[in-house]
Every structure is written in C-alpha cells, then in structure tokens.
C-alpha cells in the first residue's frame, strides 16, 4: 500500500504525523471519514480540487463559533498533490470535525483567478455546514464551517417509492414556511421535523409527492461585496450543494440537520409520499466580481464559473451575479456526484432543476446541442428511476 508520511506544523498541538495517501484507490472529493482496520488508521481524508493553487491549507476548528482555527495544517505540494488534486489524511479526526480550506494562488481577475490567501473556504463537497457567517473588523468573511459527516443511518428498510409519473400529484412546499405559523399546531415549527407532524394533512390532500423548495445550505443574509445586504428567505442562493440547510433543524449539533432530514424523508416514504428536491445548481451565493469569496471562487474560479474570455467578468445567465460552468468536466463530476449523494444518502426520489437551460450552456454561454452534463445525468444508471423536472429557461434574455 502506498503511504507517504510526513510531519506538518500546526498551530496548537506542535507536530502531527500526517499521511498524504491512506488508500491506493482514488477517493472522492470532500472529507471522507475512515475507520481503522488492520492496515488503516482512524481519521479523515481531505480531498480538494485546485489547478492553479500554489499552496493549500486545512483549517480545523473546535466549535462553530470559533473565529480562528485551533490548528492549521499545510498540504505538502510534493506529497499531498496529485495533479490538480490535493489530498491529505489526518489521523485521529472524527465525525463532527469542523474545517475550512485556504488556498494561495494568483489574483488576476482578467485571467480568471481570484485566489485570496486570507479567505476561509467552504468545501464544495461538504455534506453539512455548522455555524453562521462571522464578521470582524478585518473584513474577512468567515463562512460556516464544513462538517465531517458520518452518513450512516437506520433507514428501517426504506426504499425509493417509484410512483408512476402519470399518477404523480406534487405539493410544493417551503420547509420553514409550511409550519412556521402557530396555526400549524406543530411542536417544531419551520423544521424538517415539523413537516413530519403535518403528514396527515398532506395525506388528506391526496398528494403523492412533496417538492421541497431549496434545502441546500444558503446564507440567511445576502452580500453586497463584503457587506451584509438583506435577508435571504427562499434559499435560491446556495453555498454548498451537498449540505442540507442547518436552519431547518431543531438540533444545534454540527451535522444534526443530516439526521433530521433523513428522518423526515423516511417518515414521508412510510406514508407513501415521494420527496423531490428543487435544486439550484446554476449559480452560487458568491455573486459577481464584487461578491464575497467563501468557496469555489477561492479554490478555482476559472473552472467553476463561466467567465468572459477577455475581461474575466462573470457571465450572468442566472441573474444572480455568476453562472456555474456546468459542462466543464470537473463541475460536471461535482453535479453528478451531488445528485447521486442526495439519491443514495437521503433516498430522494426526484429533482426539479432551477433555471435548467444554464445546464445546457458551454463555458462561453452558448447552448450545446448535446450537453455533456445532461447526457451524464440521463445515462447515469444509479439515477435511472429518479424523476427529473426542468425549469426550461434562464436569465440570458
């Protein structure tokens, strides 16, 4: 087994022995919790894509409220970089560990690069976030922390329902708005658990599926540059495609929203009601060039977003400041992995794609006759029984 060990300085505990490669086989992106075996150590493998970064750091935190990391681990560019992939195994870390990435690299917007060595970056593959945006006088935006998640859950034999599309009756709902009013009479208003309490009401309507308005993690505040602008209620401004919104959970524990959402899906399935997600994969809350940097923009802006070839300005087919470069191979992989994650880890039955026309555009915004992303989704055997609904327009004009 290939295993390269070295020692990296950290800020709180002196020296930690690290392994850049815990397994021979390639691992998916994100934070992969590893439990020990005969040839393995307990810990977490962190894997992140960045083509033009000159240095990568892992910032570890003890609590969601921490303004500064308790430990900073630098990736070794010789041992921890595999082409455009940075990968390091940190022994001893467990479920619930909080982290950010931080990347050095060129800041040259006209060339598409917007690296900021001070920015704390949400993992694009994070399965949950914890905490809120923290603001200090140094004007560095500290986004919620990414959370290492243990995906295990007792589904009690639950499976996808696979109702015939012709027989499907969909009820669209917003998790908070559905039970926020005291008139809903639930013990947990505005939450995943609150939806469970209203299942008898949904059954009385005769619906066969609920379509959840966006539950991807999103900031409650919108940003104008580094300034808080106004509150975001509806959730159509995501910052983490894999992570359920923590504000809809009753638990304050990092990752608690993962369990509560699964409990909700399990209960709806038990009542013969499918769950469809409204997914916003066409843009992120990082906005335009004046917007904040807290994830993809600071990891590999020129790959994740559609940019003008000459100026480096963002194409804005979403009407929200930026447009995800969905047909780039790296981004296509992220989106397909995201959909599989929701289907496999949450037993989601279908997706409604917000501004789906964007998913058919190339990096210059031109509509592609046979978009690679659409082909990848429709030919993905694991998504074969998943309902797919498209909002067939965008803000191109």
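The values are calculated or read from the model by the stated rules, or taken from the named source; none is laboratory data. Given the structure is predicted, the values throughout are model-derived calculations rather than measurements. Cβ placement follows ideal geometry from the backbone for every residue including glycine, while neighbour counts extend to all protein chains displayed.
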Quiz item: So which of 125, 201 is under 21 Å from the mean Cα position of the chain (by Cα) and at pLDDT 95 or above?
Solution: 125
Self-check item: Filter result (exposed (fewer than 13 other Cβ atoms within 10 Å of the Cβ), part of a helix (DSSP H, G or I) and touching a helix residue (DSSP H, G or I) at 6+ places or on another chain (Cβ under 9 Å)) within segment 362-383
Solution: 382
Quiz item: Any chance segment 347-361 includes a residue that's out of contact with any strand residue (DSSP E or B) (no Cβ under 9 Å at 6 or more places or on another chain) and surrounded by fewer than 16 Cβ atoms within 10 Å (Cβ to Cβ)?
Solution: no
Practice problem: Name the one entry in 190, 157 that is surrounded by fewer than 16 Cβ atoms within 10 Å (Cβ to Cβ), outside the structural domain of residue 29 (by TED's automatic domain parsing), on the phi > 0 side of the Ramachandran plot and in a loop (DSSP other than H, G, I, E, B). | Solution: 157
Quiz item: Can you tell me which residues in segment 271-312 are outside any loop (DSSP other than H, G, I, E, B), crowded, with 24+ Cβ neighbours inside 10 Å and out of contact with any helix residue (DSSP H, G or I) (no Cβ under 9 Å at 6 or more places or on another chain)?
Solution: 298, 299
Quiz prompt | Which listed residue, of 258, 280, is touching a strand residue (DSSP E or B) at 6+ places or on another chain (Cβ under 7 Å), under 22 Å from residue 296 (Cα atoms), at pLDDT 95 or above and in the same structural domain as residue 377 (by TED's automatic domain parsing) | solution = 280
Quiz item: residue 143 fails exactly one of the following numbered conditions: (1) surrounded by fewer than 16 Cβ atoms within 10 Å (Cβ to Cβ); (2) outside the structural domain of residue 257 (by TED's automatic domain parsing). What is the number of that condition?
Solution: (1)
Quiz item: Do we have residue 117 as over 24 Å from residue 270 (Cα atoms) and modelled with pLDDT of 95 or more here?
Solution: yes
Quiz item: Is at least one residue of segment 265-277 closer than 22 Å to residue 101 by Cβ, touching a residue at least 24 places away in the same chain (Cβ under 8 Å) and outside the structural domain of residue 140 (by TED's automatic domain parsing)?
Solution: no
Quiz item: Would segment 83-101 turn up any residue that is out of contact with any helix residue (DSSP H, G or I) (no Cβ under 7 Å at 6 or more places or on another chain) and without any contact (Cβ under 8 Å) to a residue 24 or more places away in the chain?
Solution: yes
